[in-house]
Every structure is written in structure tokens, then in C-alpha cells.
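All remarks here apply to the structure that follows.
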Amino acid sequence: MGVRFIFEGFMANYDFNGKVALVTGACGGIGKATAAQLLANGASVVLADINAQALEKCRLDLGSLGRSTCITYDAAKPEDADRAIETCSTVFGGLDFLIPAAGIYRDMPIADMSDDQWRETIGVNLDGIFYICRRAIPVLRSGGAVVNITSIAAHMGGSMGHGHYGAAKGGVLTFTRSLARELGPNIRANAVSPGVIETAMVQDMVDVRGAEILKQTPLQRFGQAHEIASVVAFLCSDASGFITGEAIHVNGGFYMGG
């Protein structure tokens with residue numbers, strides 16, 4: 001109900017009644033839109049985010065309170081991955097869809113990058129994917145799906161000023177394909193590779209390079225979070241039942257390639 005008023009735009013219509021999803025980074029732009037999409041189509045959702053103060057507001061914003069619960073979660077901490085997966089089982093009885101959307105995007109040239117800055121970005125954006133996926137494997141129900149969020153930076157051959165981010169997202173892409181091989185035939189694993197999506201995480205970059213990016217984008221606009229969420233929902237649904245090990249580009253044509 002409430003989700004349809006908060007997130008304007010197309011919302012795909014799938015039947016996720018009886019399904020349980022875990023969305024990390026649930027208070028971020030893509031995470032919140034994804035949770036909204038899944039709730040609107042009947043799923044129960046565990047909302048996990050590092051921002052404890054924002055979590056309850058996020059849950060209230062999304063509505064469907066009986067089908068959502070919150071947990072504070074730091075993607076870089078293995079013990080938080082344990083708690084998140086345990087919450088899926090204890091509150092909702094299992095897990096069908098895993099969407100690790102937690103991520104950080106820092107602006108720092110490689111020459112100026114400290115070891116701690118490298119470790120922080122890799123820790124959240126790559127290690128965190130391993131932690132949550134590995135712990136989810138024993139509890140994911142047959143027919144379930146993992147949908148990782150990678151990035152255009154994983155495909156373009158370099159991320160100017162964001163080498164740690166590009167390296168992490170490239171790792172997520174390859175890791176997703178390994179998951180697909182190991183989890184089939186009962187569980188599918190895919191990725192969504194967004195281009196520039198209008199969220200708070202990339203606002204500084206848009207302020208600096210936005211005009212240049214738009215000139216190279218055939219659709220002449222930036223993406224919206226709900227446009228990523230609708231692709232995530234598709235990859236969770238039976239409509240994508242013969243798709244695994246793939247990355248779907250959602251970038252307005254800024255990058256066209258495999």
C-alpha cells in the first residue's frame with residue numbers, strides 16, 4: 001500500500017506471496033526501492049542496514065509492517081551476516097531471495113588512497129557479499145535466487161578516481177558467476193549492473209561529472225532506483241527461471257557490452 005505512494009514509477013507485478021527476502025543496505029536508494037518492490041508483490045522482507053536510526057523510519061515508510069522486520073547490519077562484519085540470516089529463519093521461517101545492496105562509494109585517486117580506505121571499500125563491497133552469500137546458502141529454499149548489485153564500473157575497464165570501488169564490483173561480478181555454477185540447479189544467482197542512478201551515494205560524482213555523463217548517455221537522463229528494483233524483482237521471479245550467472249545492465253545506454 002504505502003510503497004506505491006512513496007516510489008512513483010513502474011512497479012513490476014509478480015506473485016511473491018509466501019516468499020522471504022533479505023535486503024541489505026535497505027535504507028539506501030536502491031535497497032529501499034527494492035524492498036518496496038518486493039513488499040508490494042507480497043514478499044516478507046528483512047531490512048538490514050548499518051544506520052540504526054533510519055531503519056525504523058524506513059520500515060514505517062514502506063508499510064506492510066506485518067511482513068517486514070529490521071536488523072542493524074554492517075556488511076564488513078561476518079557476525080552481522082550471521083545475525084541477518086538467523087533473523088530470516090527465526091522471524092519468517094526461511095529465505096528465498098537474497099539481495100545484498102549494501103555498498104559504499106568513495107572518491108579517492110589510487111595514488112592518494114590509504115590502506116585503510118582500500119580495505120574499507122573492499123570490506124563492504126566485496127567481502128560483505130561473500131559473508132552474506134556464504135551464510136545464506138544453507139537456508140536458501142529451492143527455487144530461490146541471489147541478486148547481487150554490481151556496477152557499470154565492473155565492466156568498463158576502470159573506474160577513474162574509484163579504483164577500490166571498481167575492483168570490488170569486478171570481484172562481485174565474477175563471484176556471482178561462481179555462485180551460479182555452484183548453486184544450480186536449485187538456486188539461481190545473477191547480478192544487476194547499474195549505471196548512474198540518482199541516489200545520495202553518487203550525488204557528489206553527479207555534481208562534478210553529470211553533464212559529461214549525460215552527453216554520452218543515449219537516453220539522456222540518469223536512472224531511478226525503482227528501475228533497478230524492477231530488474232531485481234524480475235531476476236527473483238519465475239519469469240527469469242532460465243537465467244543464471246548473468247549481469248543485466250541498467251544504464252541508459254552509457255555502456256553497451258558484455
Exercise. Any residue in region 124-143 that is on the phi > 0 side of the Ramachandran plot and part of a strand (DSSP E or B)?
Worked result: yes
Exercise. For region 92-123, how many residues are under 20 Å from A21 (Cα atoms) and in a helix (DSSP H, G or I)?
Worked result: 1
Exercise. What are the pairs, 6+ residues apart or on separate chains, where a residue within region 52-69 that is in contact (Cβ under 8 Å) with a residue 40 or more places away in the chain and part of a helix (DSSP H, G or I) has its Cβ under 9 Å from a residue that is crowded, with 19+ Cβ neighbours inside 10 Å and not hydrophobic (A, V, I, L, M, F, W, C)?
Worked result: D61/K32; L62/K32; L62/S68
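To keep it simple, each residue is scored yes or no on (1) under 18 Å from the mean Cα position of the chain (by Cα); (2) at pLDDT 95 or above; (3) among the basic types (K, R); (4) more than 18 Å from L179 (Cβ to Cβ).
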site	(1), (2), (3), (4)
C70	yes, yes, no, yes
Y73	yes, yes, no, yes
A76	yes, yes, no, yes
V91	no, yes, no, yes
I99	yes, yes, no, no
Y105	yes, no, no, yes
Exercise. Out of all the residues in region 144-166, which are assigned to a strand (DSSP E or B) and either among the polar types (S, T, N, Q) or within 13 Å of I104 (Cβ to Cβ) (or both)?
Worked result: N148, I149
For this session: Report whether or not A76 is closer than 22 Å to N125 by Cβ, assigned to a loop (DSSP other than H, G, I, E, B) and touching a residue at least 40 places away in the same chain (Cβ under 8 Å).
Result: yes
Problem set entry | Out of A211, A189, sole residue that is within 22 Å of G31 (Cβ to Cβ) and either out of contact with any Pro (no Cβ under 8 Å at 6 or more places or on another chain) or part of a helix (DSSP H, G or I) (or both) | A189
Problem set entry | Qualifying position, being out of contact with any strand residue (DSSP E or B) (no Cβ under 8 Å at 6 or more places or on another chain), in contact (Cβ under 8 Å) with a residue 40 or more places away in the chain and not hydroxyl-bearing (S, T, Y), among A189, A225, A233 | A233
Problem set entry | Residues located in region 90-136, provided they are surrounded by fewer than 16 Cβ atoms within 10 Å (Cβ to Cβ) and within 22 Å of G184 (Cα to Cα) | G94, R134
For this session: Output the residue which, of all residues in region 1-31 that are in contact with a Leu (Cβ under 7 Å, 6 or more places away or on another chain) and at pLDDT 70 or above, is surrounded by the fewest Cβ atoms within 10 Å (Cβ to Cβ).
Result: F16
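The values are calculated or read from the model by the stated rules, or taken from the named source; none is laboratory data. Since this is a predicted model, take the numbers as computed values, not measurements. So basically every Cβ, Gly included, is an ideal-geometry build from the backbone, and we count neighbours across all protein chains shown.
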